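The values are calculated or read from the model by the stated rules, or taken from the named source; none is laboratory data. Everything numeric here is computed off the predicted structure, so don't read it as measured data. A quick note on method: Cβ atoms are made from the backbone with ideal geometry, for glycine too, and the neighbour counts reach across all protein chains shown.
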Amino acid sequence: MGSLITRTLQKSLKRPFRFLYWSANSFNHKMCAMDSESLGFYTGRCILDFPPKSSRSSTWYVAAAGFCAFSSSLLAGSYSTSQSEEDSEENAHDQQNVKRKARVVFVLGGPGSGKGTQCEKIVENFGFTHLSAGDLLRAEINSGSQYGVMIQNTIKEGKIVPSEVTVHLLQKAMNGSDNDKFLIDGFPRNEENRAAFEAVTGIEPEFVIFFDCPQEELEKRLINRNQGRVDDNIDTIRKRFKVFEESTLPVVQYYERKQKLQKINGAREKEEVFKSLKPLFLPFLEEELLQLTKELLNGIDEGDYALYKRLCDPSLTAFEPDAQGHLVEGLPFHKFYLDMSKRFPSPSKPHSQVSSPKITFIGDEVALVTYTRLVQSTKDGVPCVEAFNETRIWQRGLDDSGIAVWKLIHFHKSKCPLHRAHHKSKGSPHSCKE
């Protein structure tokens, strides 16, 4: 079984690795023995060892959760639903018809502090849409509109563009996007900007990033770069520094008092700066993966193969009870069951809930999502529930449009032992038989 899993993950993750068993005293370089009766449910500790490009020190490990990734909270008898979905039908209907409220992160820092560079990395890794107040203003200048002429004259004088103009441009860009996560850099530049944005949009930032960098370093960066900008001569640069200190620093201090400020040392190398930013955005990535998993389960409940196919890699591999202990590769096996649920629907549709989810990242492009899945349905007119321990492995890659998307590449499913009440009466909820 161990060698089979090794080949499976090598194929799915498309890079070599070894599946190791970890003893309390040392690393034993041998395959992990899996329990065939539970289809691979293993309660020890497992490790995925990816050979690094340079040294062994960069090896990635998945411990405790491991490949099967079932922590003690997921063992039989753990039916906690503290983190399960409890949305009412009305809320679910509203969410389908109303676009989710935008979530915004402001990115502040002196001129040349690296806001644009880091925003590009955040967009690439965490799925945000980058809105640069400066870029929007320059685009308006290039359009030749009345706003554009006014903006250009204001910038030449080293002054700040009126708040209503900038907020209008930002709101227009947000409304025109399909995303609900936005990085806004170079804004708000003063208290008036901040108040106008919150009043017009009704949005407060999730948090505010401030790149702290000495003025000498900022001046050197601005002089050395050549972007053909009319506001990058030395006199204008110094005016911009003065405006930043007088107008924008009070905004930074405001968010610091509200405990929403994340101060980042911007004088370091780009890679080091980004390492400091990553922990701030992992919760957004975890939320995205959990939402994708719930969307997938809903598609399974509905027998929606089109959705299932969209979220899964064509070479998806799986261990699940229906496969009778065998490794299943590809989508046809799952398509059969989804199609059958459409052709021969049960009296009541099943409803899946996710309980006790845990997300573990393996590097930047692979994640394990583990949880207990509670499936509610009726059997012979009696409400019942089944519980499954599930692990889903998602991998991120570029689609045909060059956009980074998550695809399900492997899942493992095992049924929890039944937990039955001592006394049952007709019509009372109980666990379904296998």
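For Phe244, the conditions (1) without any contact (Cβ under 8 Å) to a residue 60 or more places away in the chain; (2) surrounded by 12 or more Cβ atoms within 10 Å (Cβ to Cβ); (3) part of a helix (DSSP H, G or I); (4) not hydroxyl-bearing (Ser, Thr, Tyr) all hold with the exception of (1).
Screening the range 121-152 for residues that are surrounded by 15 or more Cβ atoms within 10 Å (Cβ to Cβ) and among the hydroxyl-bearing types (Ser, Thr, Tyr) and picking the one that is nearest to Thr248 (Cα to Cα) gives Ser132.
Within the range 366-377, the presence of a residue that is of a type in the set (D, E, K, R) and without any contact (Cβ under 8 Å) to a residue 60 or more places away in the chain is excluded. The residues on offer are Lys53, Lys121, Lys159, and the sole one that is at pLDDT 50 or above, basic (Lys, Arg) and not in a helix (DSSP H, G or I) is Lys159. Of all residues in the range 395-434, those that are in a strand (DSSP E or B) and at pLDDT 50 or above total 16.
For (1) of a type in the set (Ser, Thr, Tyr); (2) part of a helix (DSSP H, G or I); (3) loosely packed, with under 12 Cβ neighbours inside 10 Å, each residue gets a yes or a no:
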site	(1), (2), (3)
Gln171	no, yes, no
Ser177	yes, no, no
Phe211	no, no, no
Lys220	no, yes, no
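Could you list, in sequence order, the residues of the range 247-278 that are farther than 28 Å from Ala195 by Cα and assigned to a helix (DSSP H, G or I)? Listed by number, the residues that qualify are Lys270, Glu271, Glu272, Val273, Phe274, Lys275, Ser276, Lys278.
Among the numbered conditions (1) over 25 Å from the mean Cα position of the chain (by Cα); (2) under 18 Å from Phe244 (Cα atoms); (3) not small (Gly, Ala, Ser), the only one that Ile209 does not meet is (1). Checking each residue in the range 295-328 for being surrounded by 16 or more Cβ atoms within 10 Å (Cβ to Cβ) and closer than 30 Å to Val105 by Cβ picks out Leu296, Leu297, Leu307, Leu311. Entry remark, the range 278-299: residues being in contact with a Phe, Trp or Tyr (Cβ under 9 Å, 6 or more places away or on another chain) and farther than 30 Å from Ser352 by Cβ number 2 in total. Looking at the range 351-366, is at least one residue assigned to a strand (DSSP E or B) and farther than 19 Å from Thr293 by Cα? Scanning the range 351-366 turns up no residue that is assigned to a strand (DSSP E or B) and farther than 19 Å from Thr293 by Cα. Is there a residue in the range 323-331 that is in the same structural domain as Lys407 (by TED's automatic domain parsing) and in a helix (DSSP H, G or I)? For the range 323-331, residues in the same structural domain as Lys407 (by TED's automatic domain parsing) and in a helix (DSSP H, G or I): present.
In this structure, Asn190 does not qualify as modelled with pLDDT of 90 or more and either aromatic (Phe, Trp, Tyr) or within 24 Å of the chain's Cα centre (by Cα) (or both). Quick check, is Arg257 surrounded by 15 or more Cβ atoms within 10 Å (Cβ to Cβ), more than 30 Å from Phe344 (Cα to Cα) and basic (Lys, Arg)? Considered against the rule, which asks whether it is surrounded by 15 or more Cβ atoms within 10 Å (Cβ to Cβ), more than 30 Å from Phe344 (Cα to Cα) and basic (Lys, Arg), Arg257 comes out as no.
Only a single item in (1) farther than 17 Å from Leu408 by Cα; (2) surrounded by 14 or more Cβ atoms within 10 Å (Cβ to Cβ); (3) under 25 Å from the mean Cα position of the chain (by Cα); (4) not aromatic (Phe, Trp, Tyr) is not met by Thr378, and it is number (3).
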